[in-house]
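Since every read-out is calculated from the coordinates, none of them should be taken as a lab result. Computed from a predicted model, the values in this text were never measured in an experiment. All Cβ positions, glycine included, derive from the backbone under ideal geometry; neighbour counts span all protein chains shown.
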Amino acid sequence: MATLYSTHSRLHLSSQTSSFSSSSSSSSSSSSSLFLQRLTFSSSKRFLDAKVSLKSQHDSHQIPLKTHQQHGVAAASVAPVENDTDNKGLKDKLSSVTSLKESLGEFGFKKDENESTVSVTVVGASGDLAKKKIFPALFALYYEGCLPKNFTIYGYARSKMTDADLRNMVSKTLTCRIDKRENCNEKMDEFLKRCFYHSGQYDSQENFAALDKKLKEHEGGRISNRLYYLSIPPNIFIDAVKCASLSASSGNGWTRVIVEKPFGRDSESSAALTKSLKQYLTEDQIFRIDHYLGKELVENLSVLRFSNLIFEPLWTRQYIRNVQLIFAEDFGTEGRGGYFDNYGIIRDIMQNHLLQILALFAMETPVSLDAEDIRNEKVKVLRSMRPIRLEDVVIGQYKSHTRGGVTYPAYTDDKTVPNDSLTPTFAAAALFIDNARWDGVPFLMKAGKALHNKGAEIRVQFRHVPGNLYNRNIGTDLDRATNELVIRVQPDEAIYLKINNKVPGLGMRLDRSKLNLHYAARYSTEIPDAYERLLLDAIEGERRLFIRSDELDAAWSLFTPVLKELEEKRIIPEYYPYGSRGPVGAHYLAARYNVRWGDLGVDIDQ
């Protein structure tokens, strides 16, 4: 059974009884260096730098010496000795054979003390997430040269498939969206040759032991680093982790596990999940993924604020009137109602995606760019937040609506949803951070399905100019006179600042204009998918964009009381038509804090 070793002592294995071997891929200083490399506007250098990050420990385990012709390595042989009395010559030849054997690994591969291999096992490989996101992201990393020379990808699921079946399934979702398109098909073929499949139950140690045997064959005696991506329902997380821990962990490298949300339904279930995971993993081995943290514009938040002098002094209650975090989808549950009905929009979007963005936006300057320093500051923000009151929350549920001769279904028309369901498909909330920087500033969240548009954005509305000389030129609409910074996370990524400007001409007429950084127009490089960035970070051991257990506890502590109150009192959601702007109650909530939702107007050049 593999032993545990700490983040800062990768070359010193301990004799602890934990089932997984654990390590970080770099020290604090190297992590900071990596983050500094990434926080540039040149994505290509980031991918090139990533290729050299996979050093691992080696000297702690002896590997049996064997040679196997079935692995493509010729067996060593000795040429006949013409002179039987030449013992010295015979000894020399035998010595050369011994040296050859000693240089070969367990499966007959040439060993290199600094050489390692990475095996990525997608648990739940036959599911939609794996097909649509994980395998395409791995292919993009391979195409860009970000995966190590020695890597293997395994799909693991209950479905009965062969390697060829998996490759055929995966090939249908791979795209040549990358800049260097000229040899994409060739790269696809090479990538698919690295993909294999193993069928097994998620709670079977025997099946995972068989997987372990296959992984060792591909690892060929090298230092083995293993990454498991749990693309499975949360109710079977623990079974899969237990079996992988006891039967398929790395014996001489690191083992890491990516866990998909939801991380429980409330504080109690989340704490129970974390406790169960930590029976088999250390905190450093658990990578809780929130793919929104891998979005380009979310990652750019700290760069925008901490590397631009014009913004950092304004990031305070003295200048900011309110902050809005808005998430909208223009479609309903569409067959996923059974899953969604158990969680609702608050758990699905607000408690994780939007709250994580809020913490990044509002945090104090970290001590360094090290992952732990950044996450420490995020936790401070979450712990400083005021408990959410029921009167500061509005919930809604979309109803059937006919538009243009087309009838759109209600949420409860979904066959997987109970007819009397009160699960919200829309929610708006006002949150407050009780610290010196943000005291009194409302942070308004809004998230919903079946709305009039699709997008995610952060809107920062600044205060009015005191004693504005041009008030009479602006009129009575003071909201139009304030500056607004908009960070459009998706789609069509952009950062723009709304300013007041004089319209050219002899008169004095003011206009609201935008200073616009439109990513598609400014940068020719395609923006990587969030899963690409997060998978690469997990392979490299970079934890900055993953959620730590105390972050998770603080987030659930904030939302659990109001969620329980909504459910215990069976608060009836406000119904809104499919394709509308959502419940009217959301506008009353904003008006209570003298705020107008920024996404209601029409922005030019969208």
Next item on the list: Would you grab the residues whose amide H sits under 5 Å from the one on A157? Only those 5+ places off in sequence or on another chain, please, with H modelled 1.01 Å from N.
Entry: G124, A125, H198, G200
Notebook entry, point to check: Taking θ as phi - 60°, what are the ³J(HN,Hα) couplings along segment 581-595 by the Karplus curve (6.51, -1.76, 1.60), each to the nearest whole Hz, with x for Gly and Pro?
Noted result: 8, x, x, 5, x, 5, 6, 5, 4, 5, 5, 4, 9, 6, 10
Next item on the list: Just order 324-331, 268-275 by mean Cβ neighbour count inside 10 Å, highest at the front, would you?
Entry: 324-331, 268-275
Checklist line | Listed residue (S245, F306, G294) projecting farthest to the positive dipole end of segment 238-322, Cβ model | finding: F306
Checklist line | Under Karplus coefficients 6.51, -1.76 and 1.60, residue-wise ³J(HN,Hα) of segment 515-527 in Hz, glycine/proline x | finding: 8, 10, 9, 9, 4, 5, 7, 7, 10, 7, 6, 6, 7
Item checked: segment 382-473 shape via C-alpha gyration tensor axes, a/c threshold 1.5 -> oblate
Note to self: Set the bar at 21 Å for Cα to Cα. Now go through K133/K187; K133/K295; K132/K446; K133/K216; K295/K454 and name every pair that lies beyond it.
What the structure shows: K132/K446; K133/K216
Margin query: Which of the three applies to segment 542-606, rounded, prolate or oblate, going by the alpha-carbon gyration tensor with a ≥ b ≥ c and a/c under 1.5 meaning rounded?
Written below: oblate
